[in-house]
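Shown next, in structure tokens, is the structure this report addresses.
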Amino acid sequence: MKIDHQPLFPTPLYEITGLEIDNEKLEKDIYELREKDPGAEKGYSNRGGWHSSPQNNNEIQEIFKPIIDAFGKIFPEMVFNPKISRIDFLSIWANINPKGSYNVTHNHPRCDLSGVYYVKVPEGESGTLNFIDPRPALSYGNNFIVERYVGGDSVPRFPVVGNMYLFPSSLEHNVGTNLTEEDRISISFNLNLR
């Protein structure tokens, strides 16, 4: 007998660790940015926190340079065929999520990949990044597969300082409530790639 496992419709999720970024400086710079930037208007997923105004392509401030520089190391190592050759569009912003803040379920339309980099993560329950299964028919109609194979209709990832996640921009996700007394700080971004 032979059993050939053939997963259909896989969803890539990349967890990048070991980036050499000065998070203490980044944290200080983000707090300084908040002093100058009132934050994005309504229409974003952040509830109770601060979401900087998005910065796009040539309008991006120096504060985000360490993240952009990291892309040059990350993209050649990603398992895409053909390989990523360039960034056609980049939108990037900072998030400060104090106690009680969270992000509602959302995705990032009209992009290829989205991502988040964790600058500061307080100890305790500061809010997991939860990815929602993109196949609603599976979650609504097949408990056998969901319970035994998928593991549920959402999959959490726990924030760790210095970690980055990259995922398809269409993948719905949310961030749980920060229950700690300290801010969770992250940088999020959207990419169109070639």
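Would you check if Arg135 is surrounded by fewer than 18 Cβ atoms within 10 Å (Cβ to Cβ), at pLDDT 90 or above and among the basic types (Lys, Arg)? In short, no.
Can Tyr117 be described as within 14 Å of the chain's Cα centre (by Cα) and of a type outside the set (S, T, N, Q)?
Yes; evaluated as a whole, the condition is true for this residue.
Determine whether the stretch 90-111 contains at least one residue that is open to solvent by 60 Å² or more (accessible area, probe 1.4 Å), more than 25 Å from Gly39 (Cβ to Cβ), of a type outside the set (Ser, Thr, Tyr) and in contact (Cβ under 8 Å) with a residue 60 or more places away in the chain. No, there is no match, as no residue in the stretch 90-111 is open to solvent by 60 Å² or more (accessible area, probe 1.4 Å), more than 25 Å from Gly39 (Cβ to Cβ), of a type outside the set (Ser, Thr, Tyr) and in contact (Cβ under 8 Å) with a residue 60 or more places away in the chain. The residues listed here are Arg47, Arg86, Arg34; of these, the one that is among the basic types (Lys, Arg), in contact (Cβ under 8 Å) with a residue 60 or more places away in the chain and over 21 Å from Val161 (Cβ atoms) is Arg86.
Just checking, which of Ile74, Ile67 is open to solvent by less than 40 Å² (accessible area, probe 1.4 Å), closer than 23 Å to Val175 by Cα, out of contact with any helix residue (DSSP H, G or I) (no Cβ under 7 Å at 6 or more places or on another chain) and modelled with pLDDT of 95 or more?
When all the criteria are applied, what remains is Ile67.
What residue, among those in the stretch 28-55 that are outside any loop (DSSP other than H, G, I, E, B) and open to solvent by less than 50 Å² (accessible area, probe 1.4 Å), is nearest to Val146 (Cα to Cα)?
Asn46
The values are calculated or read from the model by the stated rules, or taken from the named source; none is laboratory data. This structure is a prediction, so every number in the text was calculated from the model and none was measured. Cβ: placed from backbone, ideal geometry, glycine included. Neighbour counts: every protein chain shown. SASA here: full protein model, heavy atoms, side chains in, ligands and nucleic acids out. Shrake-Rupley method; radii C 1.70, N 1.55, O 1.52, S 1.80 Å.
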